[in-house]
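One structure is given here, and the rest of the page talks about it.
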Amino acid sequence: MPKYLLTYTGFGVGLSLLAAIPGSALRIHHYILALLLLPGTRLRNRMSLLYQGLLVGLFINGTARWGFAGIVETPESLRGRDGLYFSTIPHLVIPEIPPAGNNVTFFWENVTTRGWEEGVSVVINDVERFRVSGVSGAATWNRTRTATGGWEKVYVRVGYWGTGEMGDYTAAGVVEEDGTWRAPGSGRT
């Protein structure tokens, strides 16, 4: 028993020191958890063999699926390329959609920008179409007709940009084929 207490006290102290590193986050992935628990299965009995098999399987599954990830990671590496900043987002208001015309004008209201003072990016059907300077304004989009002669469905998202970076975008607002507007839900994309 003293060997186990010494081993797991060492693990606890080591993890505490890693958790105390400023500007980083301690990430105990499931394959690391398997490595931490394996020394506790050193007893020579059938249950220890069963637990060893489960923990080795957990280790192999974790490394095969996710690779060897670091135990200490920065918030930027955790967010990745496509993660959310949880930044402020503009508020899309009801656009002007003429019944017979093909021009749709989208409007957004300014919300406190907190560092995104350069402008607003407008994404239509998952392609950035406009970067409008200033934090409030409008953008006009020409809808296209489908092969059957109707209008295509248009998905619209807006988000702030500034200092070379993009903030989060709103959830998608939708201009339906018949010209009706479906407001975006809450949240960010």
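Here is how the numbers come out for the structure above:
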{"quantity": "Residues of region 147-156 that turn out to be in contact (Cβ under 8 Å) with a residue 24 or more places away in the chain and out of contact with any Leu (no Cβ under 8 Å at 6 or more places or on another chain), as a count", "calculated": "6"}
{"quantity": "Residues that are in a loop (DSSP other than H, G, I, E, B), of a type in the set (D, E, K, R) and out of contact with any Gly (no Cβ under 6 Å at 6 or more places or on another chain), drawn from region 137-189", "calculated": "143, 152, 153, 176, 178"}
{"quantity": "Among the residues listed as 26, 5, the single one being surrounded by 12 or more Cβ atoms within 10 Å (Cβ to Cβ) and of a type in the set (A, V, I, L, M, F, W, C)", "calculated": "26"}
{"quantity": "Conditions (1) under 16 Å from residue 73 (Cβ atoms); (2) out of contact with any Leu (no Cβ under 8 Å at 6 or more places or on another chain); (3) basic (Lys, Arg); number of the one not met by residue 3", "calculated": "(1)"}
{"quantity": "Where a residue in region 174-185 is closer than 15 Å to residue 98 by Cα and its partner, wherever it lies, is among the acidic types (Asp, Glu) and loosely packed, with under 15 Cβ neighbours inside 10 Å, with Cβ under 8 Å and at least six apart", "calculated": "177/152"}
{"quantity": "Selection within region 64-122 - of a type in the set (Phe, Trp, Tyr), outside any strand (DSSP E or B) and modelled with pLDDT of 70 or more", "calculated": "66, 68"}
{"quantity": "Search result, residues across region 139-158 that are surrounded by 15 or more Cβ atoms within 10 Å (Cβ to Cβ) and more than 14 Å from residue 125 (Cα to Cα)", "calculated": "139"}
{"quantity": "Only listed residue being surrounded by fewer than 13 Cβ atoms within 10 Å (Cβ to Cβ), at pLDDT 85 or above and at negative phi, chosen from 40, 53", "calculated": "53"}
{"quantity": "Selected residue (only one of 138, 172 is modelled with pLDDT under 80, over 30 Å from residue 22 (Cβ atoms) and among the aliphatic types (A, V, I, L, M))", "calculated": "138"}
{"quantity": "Flag for residue 35 being in contact (Cβ under 8 Å) with a residue 24 or more places away in the chain, surrounded by 11 or more Cβ atoms within 10 Å (Cβ to Cβ), in contact with a helix residue (DSSP H, G or I) (Cβ under 9 Å, 6 or more places away or on another chain) and in a helix (DSSP H, G or I)", "calculated": "yes"}
{"quantity": "Positions within region 8-18 being surrounded by fewer than 13 Cβ atoms within 10 Å (Cβ to Cβ) and hydrophobic (A, V, I, L, M, F, W, C), in sequence order", "calculated": "13, 17"}
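The values are calculated or read from the model by the stated rules, or taken from the named source; none is laboratory data. Small disclaimer: the values here were computed from a predicted structure and weren't measured. A quick note on method: Cβ atoms are made from the backbone with ideal geometry, for glycine too, and the neighbour counts reach across all protein chains shown.
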